[in-house]
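Working notes, structure below.
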Amino acid sequence: MRDRLQRLWRASASLAILVFGGATLYALSIGPATWLMDQLGPKDQRFIEFCALVYYPITWLCERSEFAKVFFTWYQGLWI
């Protein structure tokens, strides 16, 4: 029983780390995407549309949270 609980605990902890790590990497990946959009300029409309689709959850969050808006504006500014 104890061994089963330890395996369950490890699996739960691993899943939590993967979910939190994945969400963090997703949110922070907007910086390099901003840099790439800046380098490509408006000529690559397909990439801009792709980024708008991929980062729509962040856009949605920024429209509803002043803190998120300030943070992501600051963070994206570091990349340009």
Response to the item:
Simple spin-label estimate for residue 45/residue 12, 7 Å along Cα→Cβ, in nm, reads 5.2 nm
Worksheet entry | Sorted by Cβ neighbour density within 10 Å, fewest at the top, the residues 59, 34 | 59, 34
Worksheet item: log₁₀ I(q)/I(0) of the chain at q = 0.18, 0.22 Å⁻¹, via Debye over equal Cα point scatterers, no solvent, to two decimals?
Response: -0.80, -1.04
Response to the item:
So the FRET efficiency between residue 64 and residue 2, C-beta based with R0 = 30 Å and rounded to 0.05, is 0.10
Worksheet, complete the sentence: For region 68-80, Karplus-derived ³J(HN,Hα) couplings (6.51, -1.76, 1.60; θ = phi - 60°; whole Hz; x for glycine and proline) come out as 4, 4, 5, 4, 6, 5, 5, 5, 5, x, 5, 9, 10
Worksheet item: For 44, 38, 3, what's the fewest-to-most ordering of other Cβ within 10 Å of each Cβ?
Response: 3, 38, 44
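Net charge near residue 77, counting Lys/Arg +1 and Asp/Glu -1 over other residues with Cβ under 15 Å of its Cβ? Walk me through the numbers on the way to the answer.
Details: positive: 69; negative: 38.
Value of the local net charge: 0.
Values quoted throughout were computed directly from the atomic coordinates according to the rules given, and no laboratory measurement underlies them. As the structure is a prediction and not an experimental result, all values here were calculated from the model. Virtual Cβ from ideal backbone geometry, glycine too; neighbours counted across all protein chains shown.
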